[in-house]
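Shown next, in structure tokens, is the structure this report addresses.
We did not get these values from a lab; they are worked out from the coordinates using the rules stated. It should be emphasised that the depicted structure is a prediction, and the values quoted were computed from it without experimental measurement. Every residue, glycine among them, receives a Cβ derived from its backbone with ideal geometry; neighbour counts consider all protein chains shown.
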Amino acid sequence: MTFDLSIITANAGAIWNAFLVTIYTWLAGSVLGLMAGLLIAALMLFGGRPLQLLLRVFIELVRGTPFLVILFLVYYGGPSFGLRLGAMTAGVLCIAFYSSVYFAEIFRSGFAAVPRGQLEAGECLGLGRLQLLWRVQLPQMLVLILPAIFNMLTILCKETAVLSIITVPELTAVLTGIGTRTFTFIETLLVLCIAYLLLIEITSRAGRWLEHRVGIYLQR
Amino acid sequence: MSLSLSPTNAISAVPAENSKIAPIIHLSAVGKRFGKNQVLANIDLDVHHSEVVCLIGPSGSGKSTLLRCMAFLEEYDDGEIHIEGRLLGWEIDDRGHRKHAGRNRLNQARRNLGIVFQQFNLWPHMTALGNVTEALVRVRRLPRQEAEKKAMKALDKVGLSEKAKEYPARLSGGQQQRVAIARALAMEPKIMLFDEPTSALDPELVGEVLAVMKQLAQEGMTMVVVTHEMGFAAQVADSVVFLDQGSIVTRGTPNEVFRDTNHPRLRQFLQNYLDRNAFWHTTPEKTS
């Protein structure tokens, strides 16, 4: 068996670029997904019964579809109804779309956890519904939902590997490409694993630090 | 402020001429149902300026629901509630049907009200000062500095200005409730509604909250208090209202309600309190 890391150093530039693409698709998709998720959760909270039902169906539909299928639908199916997207854009949008329903569910559980009485107190003081959402509900639910959000972020980080199938030049695509071209599978896959591990380790550490920061008021 | 716990004499009764002018809170034939369950029926009640009214009664009698209706935290189904002459929560349309009043209208009526809850309902992620300042900044639109000055004054009034920077989790129950009172007071309401303000407190912490309320009463605040503290009602209330099964059974001065009544249900209710405090007389005999 041979083990030759020179193939990695020789392709360091390409691998670094792929690393950046992975981070970009992951973070851009997640931020969009978080915003869409919050919007969906808020609409379910304030919207009428029909809207709630509609969003419920939407959530169940997306949750019931594998990420790869969503990706194919948008990237390969999209052009047949006029949606022509570059691979990168399609990738980011699919991550956003896919994650939005999970984030929506996380936010929904967070809203439910803030006691009703705190909102009543605010209402009686004349605070509006949106002010209460922003000033009372969101800051408190953040403590509760941060673990779930960061868990979802680590899952999404690994889901970006699927984007290799629609030719997004991210880590998995580039490293397996090098591997097949030069028959250095062990070396390239090892680097691939280390790269994902690194991202996820950083993410969970950031999550724990944030949890501690926003939960400071709970300390006696 | 002084937080003296010494018993004060009953607040002088409402001046006679006061009862001739319009009441600040006026309830007529108010009814409320939860599904098929009639929790309030045919409630008539007037509260005048500077009057302190205590609502007492067994649990499930509807006293808390009645208080919550006065802030429209519960929608009442029948009758009318007027705060300072304005219909609360409902609007009558051209055809005489009633519909929900808009947010603005409801908020205008609520501007006169300060509400204190059994569970305090402070916002735990804001300091005591933050809790009191919030509505001053976002509802009254005061500049932050001015709002904080006002908030400190309110905290000072409840004796907690030195705890301004603490989060609620670091305060005792009694202190939390006093912050909640300060939060309501800072908005300068004309009426304070208290929904069992001491029921969630350790017995030792009840006194400090009642002392604050007593002082408010002495300063002429109009107050409606749902309470199980009969001592407070006897000392501070101008009138005591006894509710049972969703109706007002009797209303009178503390003396009338606590001493002279012959109403059997009220007697039975008050007997519970006498029994509970019986140790006061029996214990010394047993130990001797």
Taking amide H positions as placed 1.01 Å from N in the peptide plane, with prolines and chain starts having none, which residues 5 or more places from residue B:250, or on another chain, fall under 5 Å of its amide H? B:242
Mean separation of Cα contacts under 8 Å (6+ apart) over length of segment A:61-195, as relative contact order %: 23
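How large is the Rg to Rh ratio of chain B when both quantities use alpha carbon positions and Rh follows Kirkwood?
Values: Rg = 19.7 Å, Rh = 20.1 Å.
A ratio of 0.98.
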With x for Gly and Pro, the residue-by-residue ³J(HN,Hα) of segment B:184-193, computed from phi through the Karplus equation 6.51 cos²θ - 1.76 cosθ + 1.60 at θ = phi - 60° and given in whole Hz, is 5, 5, 4, 7, 6, x, 8, 10, 10, 9
How large is Rg/Rh for the protein assembly as shown, to two decimals, with Cα atoms and a Kirkwood Rh? 1.14
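Please arrange B:244, B:156, A:4 by counting, for each residue, the other beta carbons lying within 10 Å of its beta carbon, fewest first. Provide the component values of the computation, followed by the final result.
Details: B:244 20, B:156 14, A:4 11.
Going from least to most buried by this count: A:4, B:156, B:244.
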With contacts defined as alpha carbon pairs under 8 Å and 6 or more residues apart, what's the relative contact order of segment B:110-170 in percent? 43
Summing Lys, Arg as +1 and Asp, Glu as -1, what charge do residues with Cβ under 15 Å from the Cβ of residue B:143 carry, residue B:143 excluded? +3
In whole percents, the bins of 10 Å from zero upward hold the Cα-Cα pairs of chain A as 8, 27, 29, 21, 11, 4, 1, 0
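Which value, in Å³ per residue, describes the convex hull spanned by the Cα atoms of segment A:101-220? Present the calculation step by step, with values, prior to reporting the outcome.
Values: hull volume 14.1 nm³, N = 120.
Per residue, the Cα convex hull of segment A:101-220 comes to 117 Å³.
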Taking beta carbons within 10 Å but only from partner chains, what does the mean come to for residues B:163-172? 2
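Per residue, how big is the convex hull around the C-alpha atoms of segment A:68-162? Give it to me in cubic angstrom, could you? It would help to have the intermediate numbers written out before the result.
Values: hull volume 11.1 nm³, N = 95.
Convex hull volume per residue, Cα atoms: 117 Å³.
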Helix A:138-159 vs. chain A, principal-axis angle (Cα, 0 to 90°, nearest 10): 20
For the pairs B:150/B:214; B:63/B:153; B:153/B:214; B:32/B:214; B:63/B:157, note any where the Cα-Cα span goes beyond 26 Å. B:63/B:153; B:32/B:214; B:63/B:157
If every Lys and Arg gets +1 and every Asp and Glu gets -1 at its Cβ, then about the Cα centre the protein assembly as shown yields a dipole, in debye to the nearest 20, of 720
Among B:25-35, B:218-228, B:262-272, what's the highest-first ranking by average C-beta atoms within 10 angstrom per residue? B:218-228, B:25-35, B:262-272
Tensor-based shape of segment B:144-195 (alpha-carbon gyration tensor, a/c under 1.5 rounded, otherwise prolate or oblate): oblate
Under a plain spin-label model, where a point goes 7 Å from the Cα along Cα-to-Cβ, how far apart in nm are residue B:33 and residue A:112? 3.0
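Show me the ranking of peptides A:7-18, B:186-197, A:151-162 by mean Cβ neighbours inside 10 Å, starting with the highest. Walk me through the numbers before you get to the answer.
Details: A:7-18: 14.4, B:186-197: 21.8, A:151-162: 19.1.
Ranking, from highest mean packing down: B:186-197, A:151-162, A:7-18.
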With the dipole of the protein assembly as shown worked out from charges on the C-beta (+1 for Lys and Arg, -1 for Asp and Glu) around the Cα centre, which of A:17, A:145, B:159 lies farthest toward the positive end? A:17
Any idea how far apart residue A:183 and residue A:60 come out in nm if each label point goes 7 Å out from Cα toward Cβ? 5.4
Per residue of B:113-122, count partner chain C-beta atoms within 10 Å of its C-beta, then hand back the mean as an integer. 4
